[in-house]
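Just so you know, all these numbers are worked out from the coordinates, no wet-lab data involved. These numbers were taken from a predicted model, which means no experiment stands behind them. Methodologically, a virtual Cβ is constructed for each residue, glycine included, from the backbone with ideal geometry; neighbour enumeration extends over all protein chains shown.
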Amino acid sequence: MFLVIALLNRVDEPEKAIARFRELGLPDPVLLRARSAAAALSAEVPVFAGLRSLALGADEDRLVGLSLLDLLQADVERLLARIQLEMDADDPPMGQLLALPVIAPGRSRR
């Protein structure tokens, strides 16, 4: 089993990402709103510290999609490569995918 993580740059188009994942065989992800460390720092660092300028232009919001895949590693690699090609073709690119192996208790398939 693999945990697929989609780091999505396009907060304004979550439905496009979900539709693409479904179309290409990735189960519906759980979407989480996220803030980059630079954006968090730019909002929290006092102006007088002079550090706020280091984080100017930071992305305010991101979406992180999480999904579980119960496939063999080679199949996961092929699926992610296919989806990543589609995401890279967007202008600007939609984001980045990665997968991590997961240890989970056995469960029955439905």
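What are the residues whose amide H is under 5 Å from the amide H of residue 95, where those residues sit 5 or more places off or on another chain and H is modelled from the backbone?
Sorted by chain and number, the residues that satisfy this are 9.
Give me the net charge for the shell around residue 21: Cβ to Cβ below 12 angstrom, other residues only, Lys and Arg +1, Asp and Glu -1. Present the calculation step by step, with values, prior to reporting the outcome.
Values: positive: 16, 20, 22, 82; negative: 15, 23, 28, 86.
My count for the surroundings of residue 21 gives 0.
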